[in-house]
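The values are calculated or read from the model by the stated rules, or taken from the named source; none is laboratory data. In this text the structure is predicted, and so the values were computed from the model without any measurement. Cβ placement follows ideal geometry from the backbone for every residue including glycine, while neighbour counts extend to all protein chains displayed.
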Amino acid sequence: MGIAPPVAACGKCELRMKLTIITIAYNSARVIGRTIESVLAQEPGELPYTLEYLIIDGASSDGTVAVAESYREAMAQKGIDYRISSEPDKGIYDAMNKGIRRATGEIIGMINSGDWYEPIAAATAAETFAATGCDLMYANIRMHKTDGSTFVKKARQRRFQTSRDWNHPTTFVRAQLYQQYPFRCLGIHDDYGFFLQMRKQGRKIVTVDRTLADFAMGGASNQKSFKAAKQRIRDRYQYCYRINGYSRLYLVECVGIELAKMVLG
């Protein structure tokens, strides 16, 4: 279900929706500031909301925590409930699950260290959930290639579901669903596996035709080695599609995604 930019249900509500934003970090002192500053830059919307921001660090050794700590005063001035934890974890999705367990907001969004939100992200999420009663929403994302060029990856829903139409950094989910169905920690595409699980269950999912986040390409999901591509194909096919009951024909989509990465960079 796609929707236009939402209109708030009640602009003067005293009851404020609480959103939790989670950032997973590990040895990312060089880039985490941009991510944190994008949360600080969130604009108020027509629908009142409050923010809780959790930094889940995997025991970094490069000063990541010190950078995060330097924003405490700014967070307090903006009225954002800001919490930082740093301890070893078993990988990115284990860290995300920790954040989910600690979240107290009704709605959860995740923006990983190095990526960043557009200023309208939180307000758009609050207004979309209030206006539609959805379980999950996602929007367009601006992809930043290593050569400095960018393109917008649109949020869409189609009968033949593909990860080309879904954008995790722009995704917001009802906290109770994340808590009931934590990431399986099976592969590097567990976030997409969760999305397909929600889709298979018939949850109410909406897309918003706005660009809500920016993604820096070149990470683990874009490594251009044959071995890495083969691993991603296996993970996406087995732990996203097949585990959720999708057809074996989706293997074609998994291979196609990797071919596209080889071309686009």
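In table form, for the structure just shown:
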{"item": "Pairs, first surrounded by 11 or more Cβ atoms within 10 Å (Cβ to Cβ) and small (G, A, S) in region 142-155, second assigned to a strand (DSSP E or B) and modelled with pLDDT of 95 or more, C-beta under 7 Å, six or more apart", "result": "A155/Y138; A155/A139; A155/N140; A155/T207; A155/V208"}
{"item": "Evaluation of I55 against (1) buried (at least 19 other Cβ atoms within 10 Å of the Cβ); (2) touching an Asp or Glu at 6+ places or on another chain (Cβ under 7 Å); (3) not in a loop (DSSP other than H, G, I, E, B) (one fails), failing number", "result": "(2)"}
{"item": "Counted residues, region 183-209 - those being assigned to a loop (DSSP other than H, G, I, E, B), surrounded by 18 or more Cβ atoms within 10 Å (Cβ to Cβ) and either among the hydrophobic types (A, V, I, L, M, F, W, C) or within 16 Å of the chain's Cα centre (by Cα) (or both)", "result": "3"}
{"item": "All positions within region 45-79 that are without any contact (Cβ under 8 Å) to a residue 24 or more places away in the chain and among the basic types (K, R)", "result": "R72"}
{"item": "Pairs where the first residue, in region 225-242, is more than 12 Å from H189 (Cβ to Cβ) and the second is buried (at least 16 other Cβ atoms within 10 Å of the Cβ), C-beta under 7 Å, 6+ apart", "result": "A229/E258"}
{"item": "Residue in region 214-225 that is among the aliphatic types (A, V, I, L, M), more than 18 Å from A139 (Cα to Cα) and outside any helix (DSSP H, G or I) present", "result": "no"}
{"item": "Check on Y246, at pLDDT 90 or above and part of a loop (DSSP other than H, G, I, E, B)", "result": "yes"}
{"item": "Subset of region 58-76 (residues that are in a helix (DSSP H, G or I) and either crowded, with 19+ Cβ neighbours inside 10 Å or in contact with a Leu (Cβ under 9 Å, 6 or more places away or on another chain) (or both))", "result": "T64, V65, V67, A68, A74, M75"}
